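First the structure, in the form of structure tokens, and then the observations on it.
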Amino acid sequence: MTHSVHAQSANTPDQGSQLEKAEAMLGASSVKALPALPALTVTKNANGTEDYSVTLQILILMTMLTFLPAMLMMMTSFTRIIIVFSILRQALGLQQSPSNQILIGLALFLTFFIMTPVIEEINQEALQPYMAEQISSIEAIAIAKEPVKRFMLANAREDDINLFFRIGGADPVATPQDIPFTILMPAFITSELKTAFQIGFIIFIPFLVIDIVVASVLMAMGMMMLSPLIISLPFKIMLFVLVDGWGLIVGTLAASFGI
């Protein structure tokens, strides 16, 4: 009796190991039977378009977010506004006031104000139908591109567009809507820089006159060692406040864009 008990207990570990192996094999087979998740897939539709999987769409969206600062500066009114504000601060003779943070914040909010019609059109025509799954992501991008392109065409100079056509050796197009983005974007930026410096030059003239008058008076009085900037700064600030300079500049900038 004792011998049989010992024999049964001796066989128990072997049976346990065999059960563990069987369970491991069953687990492996069940894992292999699970279908693989479609991480990066592209589905072709009947009309010739393509639909991307959610994972691939998220990857594309995250990649586009890295270009968001460049898109904000190069495809909106931000460039012209921030350059004019910087020239204004130099014309006043103020180095740190208003600070860079204030100028950038003011330029951002003014950019959103100017770009509101474009943003609303993108939201109604592209974003909302895409969120409602009425159009694909590729169609939404194509629709959203049109309002931005119209804004850039309305503010790009024809001479700059022709310049980049000649530099790139591109074939002429029949209508302005056919201009490719590779030509329209640099032409738009060049036009914005030209317009911003023209506005800055006009802003600089009255403050330059004050500096010249103060410097001439100080030289006539023999006060060579006194810096004219110290004397002219209060007069320039007073002139800017009396003519409501901020209102004039902001209103001029907002009205200078064609939409």
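The values are calculated or read from the model by the stated rules, or taken from the named source; none is laboratory data. Keep in mind that what you see is a predicted model, and the values were worked out from it rather than measured. Heads up, the Cβs are rebuilt from the backbone with ideal geometry, glycines too, and the neighbour counts pull from every protein chain shown. Only protein heavy atoms, including side chains, enter the accessible area calculation; ligands, DNA and RNA are left aside. Shrake-Rupley method; radii C 1.70, N 1.55, O 1.52, S 1.80 Å.
Just a few scattered comments:
- Radius 14 Å from Cβ of Leu92, net charge of other residues (Lys, Arg +1; Asp, Glu -1): +1
- Residues whose amide H lies under 5 Å from that of Ile135, counting only those 5 or more places away or on a different chain, are Tyr130; hydrogens are built 1.01 Å from N in the peptide plane.
- Descending principal axes extents, the stretch 103-259, alpha-carbon based, whole Å: 76, 39, 21
- Burial ranking of peptide ranges 115-125, 172-182, 237-247 (average Cβ count within 10 Å, highest at the top): 115-125, 237-247, 172-182
- Model label sites at Leu229 and Thr175, defined 7 Å from Cα along the beta-carbon direction, differ in position by 5.4 nm.
- The HN-Hα couplings worked out from phi for the stretch 180-189 by the Karplus form 6.51 cos²θ - 1.76 cosθ + 1.60 (θ = phi - 60°) are x, 5, 5, 9, 5, 5, x, 5, 5, 5 Hz, whole numbers, x standing for Gly and Pro.
- Accessible surface of the stretch 159-259, 1.4 Å probe: 76 percent of it comes from carbon and sulfur atoms.
- Working from label points 7 Å from Cα in the Cα-to-Cβ sense, the Arg166 to Gln124 distance is 4.1 nm.
- Of the peptides 66-74, 226-234, the order by per-residue mean of other Cβ atoms within 10 Å, starting with the highest, comes out as 226-234, 66-74.
- Protection proxy ranking of 138-144, 183-189 - average other beta-carbon atoms within 10 Å, highest first: 183-189, 138-144
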